[in-house]
1. Considering every residue within the range 154-162, establish whether at least one is of a type in the set (Gly, Ala, Ser), under 28 Å from VAL121 (Cβ atoms) and touching a residue at least 60 places away in the same chain (Cβ under 8 Å).
2. Would you point out which residue out of GLU171, GLU258, GLU197, GLU246 is farther than 24 Å from ALA43 by Cβ and part of a loop (DSSP other than H, G, I, E, B)?
3. Going by the structure shown, is VAL35 away from the ligand (no atom under 16 Å from the Cβ), modelled with pLDDT of 95 or more, in a helix (DSSP H, G or I) and touching a Phe, Trp or Tyr at 6+ places or on another chain (Cβ under 6 Å)?
4. Out of all the residues in the range 183-203, which are within 20 Å of VAL20 (Cα to Cα) and not acidic (Asp, Glu)?
5. Do we have any residue at all in the range 231-240 that's in contact with a helix residue (DSSP H, G or I) (Cβ under 9 Å, 6 or more places away or on another chain), at pLDDT 95 or above and surrounded by fewer than 21 Cβ atoms within 10 Å (Cβ to Cβ)?
6. If you go through the range 1-32, how many residues are hydrophobic (A, V, I, L, M, F, W, C), more than 15 Å from ASN235 (Cβ to Cβ) and part of a loop (DSSP other than H, G, I, E, B)?
7. In the range 58-73, is there at least one residue being surrounded by 20 or more Cβ atoms within 10 Å (Cβ to Cβ) and aromatic (Phe, Trp, Tyr)?
8. Just checking, how many residues over the range 264-289 are among the charged types (D, E, K, R) and assigned to a loop (DSSP other than H, G, I, E, B)?
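The values are calculated or read from the model by the stated rules, or taken from the named source; none is laboratory data. Everything numeric here is computed off the predicted structure, so don't read it as measured data. Glycine gets a Cβ as well: all are built from the backbone with ideal geometry, and neighbour counts include every protein chain shown.
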Amino acid sequence: MPIVTTNELLIKAREGNYAVAAFNTNNLEYTQAIVQAASELHAPVIVAATEYELHYMGGYAFVAMVKAIARDVKIPIAIHLDHGPSYEEVIRCLRYGMTSVMYDGSLLPLEQNIANTRKIVEAAHACGVTVEGEIGVIGQAADAHEGEGAAIDADLVGLADPDECVQFVQETKVDSFAAAIGNAHGLYKRKPELHFELLDEIYGRTNTPLVLHGGTGIPTEDVQKAITKGVAKINFSTVMRKGVIEALRASLDANPNELNYMKLLAPATQRMVDIAKEHIIMCMSEGKA
Ligand code: 13P
């Protein structure tokens, strides 16, 4: 079934007042679980990988895997680079055949972030691929992707500046962007405080679909309020990693003599299906494929 760009999904999501869930993957079972969950709920979905996850899977293997799994279902799926760190990595992902890329220049001075993002938008758009940018600083993504799920204090984030967002969108022509509004990657130490009035101003002045990173641990009512204010894509990673490891550990403990890898893995994969479904429903994209 159709492999689409992220923005084909996000434009419809804005019109329909829901968000498309993006889940990070790093192997076959993650990807099967994400696609199965979305297919069972008849929801569009974004399958994402960071440079770190791509390095583990291989970029061509990742794209081929998603496309092969997508053949068996009838929902639209985008294949996305999460937090692309450089022009070179984005170009590699275009070559792998990804349909959507994020470039994260948020730690650079604004002018440099704009210059790099603009160059990436030109290259990606020439290939029919849509681009997500980032403004403000959304926690410590690197920590959250390394392993155990670092506990991140949401106060550490640098909120996005609406004037900078307007300049960023106008000068880069990005298709969507992640603005830091009090969210952070990884496990929140306490309930995150999203700045909804900031979200209102940013969306009101840019009229560009917004991406909410750090979806793990944001309460449902806040997720859904953010959707009414312009968020069209929500990223989830830690919640899946935590769930699958817990389920896998329980499966190994419960079956110490089992030598069938597939049987040991099955409950962990099912746990990911359940988690993905829960978050797709949270995004209100059920039935929107
Ligand atoms: P979480 O790991 O907090 O769910 O964030 C995922 C994310 O934003 C990936 O870009």
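1. Scanning the range 154-162, I find no residue that is of a type in the set (Gly, Ala, Ser), under 28 Å from VAL121 (Cβ atoms) and touching a residue at least 60 places away in the same chain (Cβ under 8 Å), so the answer is no.
2. GLU258
3. Considered against the rule, which asks whether it is away from the ligand (no atom under 16 Å from the Cβ), modelled with pLDDT of 95 or more, in a helix (DSSP H, G or I) and touching a Phe, Trp or Tyr at 6+ places or on another chain (Cβ under 6 Å), VAL35 comes out as no.
4. ASN183, ALA184, HIS185, GLY186, LEU194, PHE196, LEU199, ILE202, TYR203
5. Yes, the range 231-240 contains at least one residue that is in contact with a helix residue (DSSP H, G or I) (Cβ under 9 Å, 6 or more places away or on another chain), at pLDDT 95 or above and surrounded by fewer than 21 Cβ atoms within 10 Å (Cβ to Cβ).
6. Residues flagged as hydrophobic (A, V, I, L, M, F, W, C), more than 15 Å from ASN235 (Cβ to Cβ) and part of a loop (DSSP other than H, G, I, E, B) within the range 1-32 amount to 1.
7. Yes, the range 58-73 contains at least one residue that is surrounded by 20 or more Cβ atoms within 10 Å (Cβ to Cβ) and aromatic (Phe, Trp, Tyr).
8. Total meeting the criteria: 2.
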